[in-house]
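Data block below; observations after.
The values are calculated or read from the model by the stated rules, or taken from the named source; none is laboratory data. Fair warning: this is a prediction, and the values are worked out from it, not measured in the lab. Ideal geometry is used to build each Cβ from the backbone, glycine not excepted, and the neighbour counts take in all protein chains shown. These accessible areas exclude ligands, DNA and RNA; they are computed on the full protein's heavy atoms, side chains included. Shrake-Rupley method; radii C 1.70, N 1.55, O 1.52, S 1.80 Å.
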Amino acid sequence: MKTVVPCYYHLDVEVSPERVDQVRRVLAARLRYWNLENLVEPVCHCAEMLLRSIEEHAADKNTTIEMWWNGQHLITAIADSDGEFHPESPARGCLVHIAALSDGWGCCGTGTGGKIVWFSRRARAIERAPLVPAVPVPSLREARRMPREMPVRALAVSMPGLLEDEVLVAASG
């Protein structure tokens with residue numbers, strides 16, 4: 001069994017509408033690099049929803065995205081400097097989606113007055129089997145057995161009810 005090396009990724013970005021799609025592609029590429037293809041869609045979807053919420057509602061668009069992979073869990077955290085987070089805010093719908101798509105999530109304040117929203121997904125890295133050359137298909141001579149070495153007359157004698165002419169016609173055709 002292979003041991004998994006813990007991985008960490010950090011990205012600072014100023015969120016804008018065009019940057020959200022770029023960040024999604026960057027995160028997807030990083031997850032594929034870590035062999036976590038099965039996490040690309042849910043993780044990128046959650047991150048995109050959080051980034052769009054920050055882009056629409058936050059005064060300061062500077063955001064930090066971090067991902068940690070320990071071999072069993074991927075934790076993604078998105079931090080911004082806007083400390084405003086109310087239960088009735090539009091971001092609440094975003095959190096409902098994150099809760100549905102993740103194994104765990106949470107939100108906490110930072111020392112600088114901002115907030116961090118994190119979520120985790122459990123998965124194992126896809127272990128790719130090494131390519132093994134295929135066994136060649138046997139040739140026709142090896143695959144077919146040789147027919148029995150019985151003369152047609154011996155077959156005719158073993159099958160009562162067939163006339164000798166019918167056996168010869170069947171053998172020749």
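I'd like to know if region 59-69 contains one or more residues that are open to solvent by less than 70 Å² (accessible area, probe 1.4 Å), modelled with pLDDT of 90 or more and over 19 Å from Gly104 (Cβ atoms). Step through it out loud before you land on a result.
Here is the first cut: in region 59-69, the residues open to solvent by less than 70 Å² (accessible area, probe 1.4 Å) are 60-61, 63-67, 69.
Next, only the ones that are modelled with pLDDT of 90 or more stay: 63-67, 69.
Retained after the next criterion (residues that are over 19 Å from Gly104 (Cβ atoms)): 63-64.
Scanning region 59-69 turns up at least one residue that is open to solvent by less than 70 Å² (accessible area, probe 1.4 Å), modelled with pLDDT of 90 or more and over 19 Å from Gly104 (Cβ atoms).
Are any of the residues in region 41-63 farther than 15 Å from Ser81 by Cα and among the polar types (S, T, N, Q)?
no
Do we find that Glu14 is over 21 Å from Ala123 (Cβ atoms), of a type in the set (D, E, K, R) and surrounded by fewer than 14 Cβ atoms within 10 Å (Cβ to Cβ) in this structure? Explain how you work it out, then say what you get.
Working: over 21 Å from Ala123 (Cβ atoms): yes; of a type in the set (D, E, K, R): yes; surrounded by fewer than 14 Cβ atoms within 10 Å (Cβ to Cβ): yes.
The answer is yes for Glu14.
Do we have Arg128 as basic (Lys, Arg) and either in a helix (DSSP H, G or I) or at pLDDT 90 or above (or both) here?
No.
Give me the residue from region 49-73 that is in a strand (DSSP E or B) and of a type in the set (A, V, I, L, M) and, out of that set, farthest from Leu95 (Cα to Cα). Spell out the reasoning first.
Looking only at region 49-73, we keep the residues that are in a strand (DSSP E or B), and these are 62-69, 73.
Add one more test, that the residue is of a type in the set (A, V, I, L, M), and what stays is 65, 67.
Details: Ile65: 17, Met67: 18 Å.
Taking the candidates together, the pick is Met67.
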